[in-house]
Structures are given as C-alpha cells and as structure tokens.
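Engineer: Sending over a structure as structure tokens; questions will come in a sec.
The values are calculated or read from the model by the stated rules, or taken from the named source; none is laboratory data. Please read all numbers here as calculations on a predicted model, not as lab measurements. Cβ coordinates were reconstructed from backbone atoms using ideal geometry, including for glycine residues, and neighbour counts include every protein chain displayed.
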C-alpha cells in the first residue's frame, strides 16, 4: 500500500526530472531509466514509456524518431509549453523544499 502512495507522490518529481533533462538535450527512454535509477527511482520501461507518451500527449514533450544501428530510437525534447511548465514547477518545488527542509 505505501509503495503505491509513494509511486503516486514521486510521479510529479519524475516528470520534473524528465522535463529538466529534455530541456538540456534530447533524451531517450533507456538513458532516462538509467538517470532516474541513479537518483533512487526504481522503475521499469513499462512504467517510464507511458509517462513519456502521456507527457507528449499533454504537449510537454516533442518526439523525433532516429535510426540507430538499425533500430528506431525515440528522442524527446521539451516543447515551449514544457519549458513553461518546468519553470513553474521549479519555482513551486523550490518554495516547497525551503519550507520542508528542516
């Protein structure tokens, strides 16, 4: 039960993390999985890819498909809307973390 609650809570953090990296440079799923794991978020590709697709459907990410060694790899970057949402989320997260840090 607690695991489900934590997963819901951390979903927002994960999305902010995705937006942060997709703003810096194009990202792809397996790289993002590794990056999230380095920060303690354990998830499968079956969890991450729907998040990426939903963020694309919400207009936060754009997708470009490239052929890499004979396989199609999907690269994601933030859209203008994604950039605006990231700025607002950063501001809200900063205020929250200032309040709860002690």
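Engineer: How many residues does the range 35-48 hold that are free of Cβ contacts under 8 Å to residues at least 12 places away in the same chain and either closer than 16 Å to residue 86 by Cβ or assigned to a helix (DSSP H, G or I) (or both)?
Structural biologist: Final tally of qualifying residues: 4.
Engineer: Further question on the same structure: What number of residues within the range 74-93 are touching a strand residue (DSSP E or B) at 6+ places or on another chain (Cβ under 7 Å) and in contact (Cβ under 8 Å) with a residue 24 or more places away in the chain?
Structural biologist: Here the count works out to 7.
Engineer: Here's another thing I want to ask about it. Can you name the residue in the range 24-34 that is part of a helix (DSSP H, G or I) and either at positive phi or surrounded by 15 or more Cβ atoms within 10 Å (Cβ to Cβ) (or both) and is also nearest to the chain's Cα centre (by Cα) among such residues?
Structural biologist: 32
Engineer: Keeping to the range 53-96, report how many residues are over 15 Å from residue 25 (Cα atoms) and part of a helix (DSSP H, G or I).
Structural biologist: Counting residues in the range 53-96 that are over 15 Å from residue 25 (Cα atoms) and part of a helix (DSSP H, G or I) gives 18.
Engineer: Continuing with the same structure: Against the definition (within 13 Å of residue 16 (Cα to Cα) and at pLDDT 95 or above), how does residue 33 come out, yes or no?
Structural biologist: When the stated conditions are applied, residue 33 does not pass them.
Engineer: Every residue in the range 49-73 that is surrounded by 12 or more Cβ atoms within 10 Å (Cβ to Cβ) and touching a residue at least 24 places away in the same chain (Cβ under 8 Å), please.
Structural biologist: 51, 52, 55, 60, 61, 73
Engineer: Please pick out the residue among 38, 42 that is loosely packed, with under 12 Cβ neighbours inside 10 Å and under 14 Å from residue 21 (Cβ atoms). Steps first, please.
Structural biologist: On the way: 42 fails: under 14 Å from residue 21 (Cβ atoms).
Within the list 38, 42, the selection yields 38.
Engineer: Which numbered condition trips up residue 76, out of (1) surrounded by fewer than 16 Cβ atoms within 10 Å (Cβ to Cβ); (2) farther than 18 Å from residue 7 by Cα; (3) in contact with a helix residue (DSSP H, G or I) (Cβ under 8 Å, 6 or more places away or on another chain)?
Structural biologist: Among (1) surrounded by fewer than 16 Cβ atoms within 10 Å (Cβ to Cβ); (2) farther than 18 Å from residue 7 by Cα; (3) in contact with a helix residue (DSSP H, G or I) (Cβ under 8 Å, 6 or more places away or on another chain), the lone unmet condition for residue 76 is (1).
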